[in-house]
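Beneath this line is the structure, given in structure tokens, with notes to follow.
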Amino acid sequence: MLVPFAISVAAAFAAALFCVLLRPLLQRYALARPNARSSHTVPTPQGGGIAVLAGAFLAIALAFGLSPVEAEAGRALLVVAMGATVLALVGAWDDIRPLPASLRLALQAACVGFVLFRAAPELRLFPEFLPLAAERALALVAGIWFVNLVNFMDGLDWITVAGIVPLAAALALAGNAGVIDPATGWLAAALCGGLIGFAPFNRPVAKLFLGDVGSLPIGLLTAAFATPRAGHG
């Protein structure tokens, strides 16, 4: 239990520090201005997802450096982290200069597909009921749905924290207990801590939003958590 807890604490402190350091810059260059679909009424800085991801990835990298994991699990998580990082760049681009919906969807699909086909190419959820092609297509649609669900949630104060933190904490505990791959549990612990560090800045009335730079990759990580590899291998 010590390692996941330490990862969460480290990620929380790092994310909170990054939020403090980044907020003045985001206040100047990355304001989310209210529109007809907004739940906030005043311009609010967005981009807090940079702090969440930076804190989470920094904590997980430190943990892997101090306590290496099984090679295949480490490779899978590296693929997930790469996909999330690329999707964060797509989100940052969209935060600064909104992309056409078709291009945004295509880039999301590419990132989800990369993680789906490279992180766990052998994974089958319903081999008795669906052919591989149909299962992969449904998994791709589900992954894109998760990405956009978290993106939609970001405009509501604290809702992403309330929705993702309990899930990530439960998965961290499951990884520690050996129910799922421990490396996946470590990543869940890191995301849990990163969101906890962000939470004080997003509590009502929010002073900071994740932005697409954070909500999109967090959605991808949530989708990856939905189909973790069971056990140790």
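The values are calculated or read from the model by the stated rules, or taken from the named source; none is laboratory data. Source: prediction; values computed, not measured. Reconstructed Cβ throughout: ideal geometry from the backbone, glycine too, with neighbour counts over all protein chains shown. Note: accessible area is taken over every heavy atom of the protein model, side chains too, but ligands, DNA and RNA are not part of it. Shrake-Rupley method; radii C 1.70, N 1.55, O 1.52, S 1.80 Å.
Residue 82 passes every criterion in (1) open to solvent by 20 Å² or more (accessible area, probe 1.4 Å); (2) at pLDDT below 90 apart from (2). None of 2, 26 is more than 21 Å from residue 223 (Cβ to Cβ), at pLDDT below 95 and touching a strand residue (DSSP E or B) at 6+ places or on another chain (Cβ under 6 Å) except 26. Residue 76 falls short on exactly one of the conditions (1) under 16 Å from the mean Cα position of the chain (by Cα); (2) modelled with pLDDT of 90 or more; (3) closer than 17 Å to residue 184 by Cα; (4) small (Gly, Ala, Ser), and that condition is (2). Is it the case that region 98-119 has a residue that's within 19 Å of residue 150 (Cβ to Cβ), open to solvent by less than 50 Å² (accessible area, probe 1.4 Å) and polar (S, T, N, Q)? The answer is yes; a qualifying residue exists.
Selection of first residues in region 125-138 that are surrounded by 11 or more Cβ atoms within 10 Å (Cβ to Cβ) and of second residues that are in a loop (DSSP other than H, G, I, E, B) and at pLDDT below 85, restricted to Cβ pairs under 7 Å at least 6 apart or on distinct chains, gives the following pairs, ordered by first then second residue: 125/227; 135/124; 135/125; 135/126.
Would you say residue 167 is in contact (Cβ under 8 Å) with a residue 24 or more places away in the chain, of a type outside the set (Phe, Trp, Tyr), open to solvent by 40 Å² or more (accessible area, probe 1.4 Å) and over 26 Å from residue 72 (Cα atoms)? No; evaluated as a whole, the condition is false for this residue. Considering (1) closer than 19 Å to residue 48 by Cβ; (2) crowded, with 20+ Cβ neighbours inside 10 Å; (3) more than 15 Å from the chain's Cα centre (by Cα), the lone condition that residue 180 does not fulfil carries the number (1). Given the options 88, 54, 61, 92, name the one that is under 18 Å from the mean Cα position of the chain (by Cα), under 11 Å from residue 111 (Cα atoms), part of a helix (DSSP H, G or I) and among the aliphatic types (A, V, I, L, M). So the residue among 88, 54, 61, 92 that is under 18 Å from the mean Cα position of the chain (by Cα), under 11 Å from residue 111 (Cα atoms), part of a helix (DSSP H, G or I) and among the aliphatic types (A, V, I, L, M) is 88. Residues of region 184-201 that are surrounded by fewer than 24 Cβ atoms within 10 Å (Cβ to Cβ) and either of a type in the set (A, V, I, L, M, F, W, C) or touching a strand residue (DSSP E or B) at 6+ places or on another chain (Cβ under 7 Å) (or both): 196, 199, 201. Taken as a whole, the structure places residue 193 among residues that are touching a residue at least 40 places away in the same chain (Cβ under 8 Å) and within 16 Å of residue 81 (Cβ to Cβ). Condition first: within 20 Å of residue 195 (Cβ to Cβ), outside any helix (DSSP H, G or I) and touching a residue at least 40 places away in the same chain (Cβ under 8 Å). Can you find one or more residues in region 64-74 that meet it? No, region 64-74 contains no residue that is within 20 Å of residue 195 (Cβ to Cβ), outside any helix (DSSP H, G or I) and touching a residue at least 40 places away in the same chain (Cβ under 8 Å).
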